[in-house]
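Data first, discussion second: the structure below is written as structure tokens.
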Amino acid sequence: DNWTGTLVGVSDYRNNPNGHAIVIRIRSGINKDLFVSLNRVKGINEQNIEAVDQVIIVETHGNGGDGFSQSWLKGKLSEGGMWRSNGTFGNTGEVLSISAPAIDLAAKPGYADVHICLGSMCGFPSISPVPTNKMSLTPTLEPTTSSHPTMKATCSSSLGDANYPGGGVSNVYATGGDMFDVTAVKDVVVTQISFFGGNTLNYVLYKKIGLGPFELDDRSNQSAWELLASGTATKDIPYSNVATTDAFTVSIPNGSTQAFYIHLIGHAAIAIYEGNYSDIMYENDDMQISRGTAFQRGEPFNNANGFLPGGGLTSVIYDDI
């Protein structure tokens, strides 16, 4: 099942002579629907600071998007970007792919061409030089591909869960940060990390110098680490308390492991204490994330909570190359 069409921003709903879509809803069949839109930063949306002028993919839990419900930002696409579901989408038994082959902000109104595909036969559609006069409401059965593509399509995905766990989960405590390993099952590029914390919070993010898992001595040895990003992060979506770091680029070759350490300054993170350091906390066909260890609140590298195994509430955002 495919859909190809054009989106315009919500602020252009009255400046939309061709009747392009504002939001596309993708029903999952399990009350976790996706909503795809162009996050055009203008007009009533001009104060937005996240995913500026990108195509965004938002997942709702409960009420199916028909009323108030919790929502999460699952993906954000620049021109040429692609996102796919982490495993099968809903009860379809198939992987869902969403791509943005073209975004033109200079057009009036600015628009994004979007391609949505369910299943294993998804191609990367060729880019039209101008928007079509009318949005296609009929699925394209065989998306066109170019034998000489002008760009390389990347698949932006995420693994992990930065949301606070629901009831029934024990051993959940406030911490200062989390040190963990990411092992690539195929070549990937890690670009951001999301974490649970609060409305606005200061953070520092490190990666271990060189490939390989973190060692016990690395937890208190700052010289073994390279600063990747730091600053103030704001929550991605109202009411979620999940924030995302600034963008960076860390390539992890197939079969290799890269250690990361994120620490909050003046704020509390959350970790679940159980198991062993090397336990796999999250995994998919692209990578594995270890449980790792959680740190006390305060300064980084400050003798983690007895150095007990503690998996932080984090999500790794990456491109599958």
**OP:** Would you tally the residues in segment 3-25 being open to solvent by 20 Å² or more (accessible area, probe 1.4 Å) and under 21 Å from TRP72 (Cβ atoms)?
**Re:** 5
Original post:
How many residues does segment 47-80 contain that are at pLDDT below 80, open to solvent by less than 30 Å² (accessible area, probe 1.4 Å) and in a strand (DSSP E or B)?
Top reply: 1
Original post:
For segment 257-298, how many residues meet the condition of being without any contact (Cβ under 8 Å) to a residue 40 or more places away in the chain and either charged (D, E, K, R) or touching a His at 6+ places or on another chain (Cβ under 9 Å) (or both)?
Top reply: 1
**OP:** Could you check SER290 against (1) over 19 Å from the mean Cα position of the chain (by Cα); (2) modelled with pLDDT of 80 or more; (3) crowded, with 19+ Cβ neighbours inside 10 Å and say which number it fails?
**Re:** (1)
**OP:** Name, by its number, the condition in (1) modelled with pLDDT of 80 or more; (2) open to solvent by 40 Å² or more (accessible area, probe 1.4 Å); (3) over 24 Å from GLY160 (Cα atoms); (4) under 19 Å from the mean Cα position of the chain (by Cα) that does not hold for LYS42.
**Re:** (4)
Subject >> Residues (of a type in the set (A, V, I, L, M) and closer than 21 Å to ARG291 by Cα) located in segment 201-226 >> reply: VAL204, LEU205, ILE209, LEU211, LEU216, ALA224
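The values are calculated or read from the model by the stated rules, or taken from the named source; none is laboratory data. Here the structure is a predicted model, which is why all the values come from computation and not from measurement. Please note: Cβ atoms are built from the backbone with ideal geometry, for glycine as well, and neighbour counts cover all protein chains shown. Surface areas here come from the heavy atoms of the whole protein model, side chains and all, with no ligands, DNA or RNA. Shrake-Rupley method; radii C 1.70, N 1.55, O 1.52, S 1.80 Å.
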